[in-house]
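See structure below.
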């Protein structure tokens, strides 16, 4: 397929993300069929030119490429298992959030049934699709990625990570992990500030610029971890990173210090092992089990 050849695609699952993915395909001229288990989700897409299939069999039969954007791993099987025969010789691109092992299972399931398979991890919220900052990670069949990439890039920056179908979901979850822990950390801080009458909104106004400024530090942490020199200059030592004051302040504010205690535990493991002079990045070694 060249950039000028439309590719017919079917999108299964019309939650907010599924609708955003389908909507991004239509302006580029790709014939797009959509299907959802519950009715009423396709009205705007139909107005924009999509075809709404009434059955899963019709949806799968309409296109050589089937996009699954469903609730979870089990729902992918619930939807696709009944139409396995119809999928033979077609391509499935699964952007449903799954674990790496679940994606590998789906890739093997597809292989044994004559279905080409590509897995995707969407690093964007629905509103970001087709806009700067949207990143979708892919792994599995390189041939499928190369063949469909002109359509996939309509959703955002498309990056192929390798043949292991589990790579995209692994990196997806690995990127979402610091996001969730950061959000949880902010809510912890909001609970502390509330004890003194400071609103969460006021705290957010103060915290957001600071968090944005320190976020690029992940590149430095990455260099240290990849290089393995935790004693390299320019790092805050683990001894200096002791979080006892954070725990005490949380307790005094009647806030559960569970989050801070978790980080404190990682720090103390390395300090007790004789690495207190090393940089904060060394807690990476506390996290790895092998």
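The values are calculated or read from the model by the stated rules, or taken from the named source; none is laboratory data. Keep in mind that this is a model prediction, so the values were computed, not measured. Cβ sites come from the backbone with ideal geometry, for glycine too, and all protein chains shown count toward neighbours.
Points worth noting:
- Taking region 94-151 as the range and being farther than 20 Å from residue 166 by Cβ, in contact with a helix residue (DSSP H, G or I) (Cβ under 7 Å, 6 or more places away or on another chain) and either in contact (Cβ under 8 Å) with a residue 40 or more places away in the chain or not assigned by TED's automatic domain parsing to the domain that holds residue 27 (or both) as the test, the residues that pass are 126, 129, 130, 151.
- Scanning region 60-73 for any residue that is surrounded by fewer than 20 Cβ atoms within 10 Å (Cβ to Cβ), without any contact (Cβ under 8 Å) to a residue 40 or more places away in the chain and more than 17 Å from residue 165 (Cα to Cα) turns up at least one such residue.
- Residues (in a helix (DSSP H, G or I) and more than 19 Å from residue 18 (Cα to Cα)) located in region 120-144: 142, 143, 144
- Residue in region 31-51 that is buried (at least 18 other Cβ atoms within 10 Å of the Cβ) and in contact (Cβ under 8 Å) with a residue 40 or more places away in the chain present: no
- Matching residues, region 143-162, being in contact with a strand residue (DSSP E or B) (Cβ under 7 Å, 6 or more places away or on another chain) and over 12 Å from residue 91 (Cα atoms): 149, 151, 152, 155, 156, 157, 158, 159, 160, 161, 162
- Residues located in region 120-172, provided they are within 12 Å of the chain's Cα centre (by Cα) and under 20 Å from residue 105 (Cα atoms): 120, 121, 122, 137, 138, 167, 168, 169, 170, 171, 172
- For the criterion of being touching a helix residue (DSSP H, G or I) at 6+ places or on another chain (Cβ under 8 Å), in contact (Cβ under 8 Å) with a residue 12 or more places away in the chain and within 30 Å of residue 66 (Cβ to Cβ), residue 189 fails.
- Within region 202-238, being surrounded by 15 or more Cβ atoms within 10 Å (Cβ to Cβ) and farther than 23 Å from residue 281 by Cβ holds for one residue alone: 203.
- Scanning region 191-201 for residues that are within 17 Å of residue 245 (Cα to Cα) and surrounded by 15 or more Cβ atoms within 10 Å (Cβ to Cβ) yields 191, 192, 193.
- Residue in region 216-224 that is more than 31 Å from the chain's Cα centre (by Cα) and either in a helix (DSSP H, G or I) or within 17 Å of residue 182 (Cβ to Cβ) (or both) present: no
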